[in-house]
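Have a look at the structure below before the remarks.
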Amino acid sequence: MQKKKNRNSIFTIILVTVLGCSQLLSAQVNQKDRVIILTDIEADPDDTQSLVRLFLYSNEIDIKGIVATTSCWYQSRINPESITKVIQAYGKVYPNLTKHAGGFPVEETLQALVKNGLPKYGMLGVGDGQDSEGSDWIIKTLEEKDDRPLWISVWGGVNTLAQALDKIQKTKSKKIAKKLIEKLRVYTISDQDDSGIWIRNNFPDLFYIVSPGDHYGSATWTGINFAVDGIDNSEISNSWIAENIQKGHGPLGTEYPDVAWGVEGDTPAFLSLIPNGLNNSEHPEWGGWGGRLRKQPGSEKQWIDVASNLNPDNLGYTISRWAQAFQNDFQARMDWCVTAFSEANHPPHAVLNGDKSLKALEIEVNPGQHIQLNAAGSTDIDGDQISYEWRYYPEPGTYTGKIKIKNLDSMTTKLVIPENASGKTFHILLVIKDNGTPHLTSYRRLVVHCQ
């Protein structure tokens, strides 16, 4: 099998010539995000569905723990054995997954990460004497000598994290507590117990993503499972799931349950951690597979729902706009469970102006300047044909006018900086797709700062 690109260097400098002027672009090479999952598994089938998808990306995301918790739907019971069952199924397809990509953890590694929260609801499980295997594991992981942020992906109640924070606050010095809490990043699927509000009130400087309250119908995360007018919704249908996930895809596909309320409602809490050239987990306002968020008014660290300019009446559109790409990617990885390398599709690799990393490139420009953009060097490991698209992505930027891009579907293009863009930023996406089955998509992001 052809080896993946080397991503070990820390910092890459790319010199780009722009109409005779030299511009310095920089991009950090990708590193895996760390994550601990909190799941009220068995409260609804969607937690198990999300686990199946998560394990298919366990070579791209550094899973540090999976904690069985309660929620408002499941207040006095936890089910770690259900997590173990899905991991066992993963173990059976692990040998085949390694034919397609490196970095997948062995079953035993994942089994050792399964931990118990308390079988108590919300704040009843927070305070002196309420420590659990899960809350202690969060603290232990935070204390490791690892400078990377630690994501807590919350699929149910969040009281296991609340207990960890309570203990840190009570037992650590202010300096150490601040250092540990600064490492945390939280993405919760709405408020599924009363401890989430307690956390946000008592730890206002904690990086925390949430669709506040329990108004599930209007939350950002619903973009993964609600049909949206104007786009193809077939890839969240029961028939698509049966054909491409459940049937003929080995033991892991067999573990994927039928849809009850909504498909994979918890998956958005880790979708933004998948390195694909679009996602940037540290910038929720930039948008990506996990949706786009805005800062809570009056807060620098709490993030809430925001509407898309393209579909302002549907907050979930900031996820569903990418659905075909992330569902195709899921389908392809399910194929990896049972097929030879030559019989499956693998994502193309997008290169922007010679940079091969997955991080956003940022550039400073002047009004009226013409910028040459080039996707030369983009490849497809399967030898599939690649199509190119240069896309203006207006929502994350501060510039509100139109952007002129020549040759939108060519390998090279020219970007014209508007004369009235001084002091503004805007985002340009390079989107490349292959013609394999299913079609797979990779991205690069250019963030333009106009002086």
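The values are calculated or read from the model by the stated rules, or taken from the named source; none is laboratory data. Bear in mind that the values here come from a model prediction, so they are computed numbers and not experimental data. FYI the Cβ positions are ideal-geometry reconstructions off the backbone, even for glycines, and counts take in every protein chain you see.
Number of residues in the range 340-357 that are surrounded by fewer than 18 Cβ atoms within 10 Å (Cβ to Cβ) and on the phi < 0 side of the Ramachandran plot equals 4. Kindly evaluate I78 against the criterion of being in the same structural domain as V52 (by TED's automatic domain parsing) and either in contact with an Asp or Glu (Cβ under 7 Å, 6 or more places away or on another chain) or part of a helix (DSSP H, G or I) (or both). Against the criterion (in the same structural domain as V52 (by TED's automatic domain parsing) and either in contact with an Asp or Glu (Cβ under 7 Å, 6 or more places away or on another chain) or part of a helix (DSSP H, G or I) (or both)), I78 does not qualify.
Residue by residue, here is whether (1) modelled with pLDDT under 95; (2) in contact with a strand residue (DSSP E or B) (Cβ under 9 Å, 6 or more places away or on another chain); (3) outside the structural domain of D191 (by TED's automatic domain parsing) holds:
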residue	(1), (2), (3)
T17	yes, yes, yes
T69	no, yes, no
I83	no, yes, no
E107	no, no, no
L110	no, yes, no
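When each of I176, I189, I168, I199 is tested for being assigned by TED's automatic domain parsing to the domain that holds K295, out of contact with any strand residue (DSSP E or B) (no Cβ under 6 Å at 6 or more places or on another chain) and free of Cβ contacts under 8 Å to residues at least 24 places away in the same chain, the lone residue that passes is I176.
Residues checked against (1) surrounded by 20 or more Cβ atoms within 10 Å (Cβ to Cβ); (2) hydroxyl-bearing (S, T, Y); (3) modelled with pLDDT of 95 or more:
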| residue | (1), (2), (3) |
| --- | --- |
| I386 | no, no, yes |
| E389 | no, no, yes |
| T398 | no, yes, yes |
| H427 | yes, no, yes |
| K433 | yes, no, yes |
| L440 | yes, no, yes |
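Those helices (runs of 4 or more DSSP H) of the range 192-300 in which at least 1 residues are among the basic types (K, R), considering only elements entirely within it, cover 195-202.
If the condition is being of a type in the set (S, T, Y) and without any contact (Cβ under 8 Å) to a residue 60 or more places away in the chain, then the range 35-73 contributes only S58.
Of the numbered criteria (1) touching a helix residue (DSSP H, G or I) at 6+ places or on another chain (Cβ under 8 Å); (2) within 21 Å of W336 (Cβ to Cβ); (3) in contact (Cβ under 8 Å) with a residue 40 or more places away in the chain, the one L142 fails is (2).
So that you can scan it fast, the table gives a plain yes or no per residue for (1) at pLDDT 95 or above; (2) closer than 24 Å to S82 by Cβ:
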{"site": "R185", "(1), (2)": "yes, no"}
{"site": "L206", "(1), (2)": "yes, no"}
{"site": "D214", "(1), (2)": "no, yes"}
{"site": "T220", "(1), (2)": "no, no"}
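Note on the range 180-208: residues that are touching a Lys or Arg at 6+ places or on another chain (Cβ under 8 Å) and either among the hydrophobic types (A, V, I, L, M, F, W, C) or farther than 23 Å from S281 by Cα (or both) amount to 3.
Tally up the residues in the range 82-136 that are assigned to a loop (DSSP other than H, G, I, E, B) and under 17 Å from S195 (Cβ atoms), please.
Our first condition is that a residue be assigned to a loop (DSSP other than H, G, I, E, B); within the range 82-136, this holds for 98-106, 112-113, 117-121, 126-132.
Of the ones still in play, those that are also under 17 Å from S195 (Cβ atoms) are 117-121, 126-132.
So the answer is 12.
Determine whether E364 is part of a strand (DSSP E or B) and of a type in the set (D, E, K, R). Yes.
Within the range 305-314, is even one residue part of a loop (DSSP other than H, G, I, E, B), of a type in the set (A, V, I, L, M, F, W, C), more than 18 Å from the chain's Cα centre (by Cα) and in the same structural domain as S82 (by TED's automatic domain parsing)?
Step one: list which residues in the range 305-314 are part of a loop (DSSP other than H, G, I, E, B), which gives 306-314.
Narrowing further to those that are of a type in the set (A, V, I, L, M, F, W, C): 306-307, 310.
This time we only want the ones that are more than 18 Å from the chain's Cα centre (by Cα), so: 307, 310.
Now drop any that are not in the same structural domain as S82 (by TED's automatic domain parsing), which leaves 307, 310.
Yes, that holds for at least one residue.
Scanning for something at pLDDT 95 or above, out of contact with any Leu (no Cβ under 9 Å at 6 or more places or on another chain) and assigned to a loop (DSSP other than H, G, I, E, B), does the range 26-41 turn up at least one residue? Don't jump to the end; show me each part of the working.
So the first thing to find is which residues in the range 26-41 are at pLDDT 95 or above, and the list is 32-41.
Applying the additional criterion that residues be out of contact with any Leu (no Cβ under 9 Å at 6 or more places or on another chain) yields 40.
When the remaining residues are screened for being assigned to a loop (DSSP other than H, G, I, E, B), the result is 40.
The answer is yes, given that some residue of the range 26-41 is at pLDDT 95 or above, out of contact with any Leu (no Cβ under 9 Å at 6 or more places or on another chain) and assigned to a loop (DSSP other than H, G, I, E, B).
Report, by residue number, each residue of the range 122-139 that is in contact with a helix residue (DSSP H, G or I) (Cβ under 7 Å, 6 or more places away or on another chain) and surrounded by fewer than 22 Cβ atoms within 10 Å (Cβ to Cβ). Across the range 122-139, the qualifying residues are M123, G127, Q130, D131, I139.
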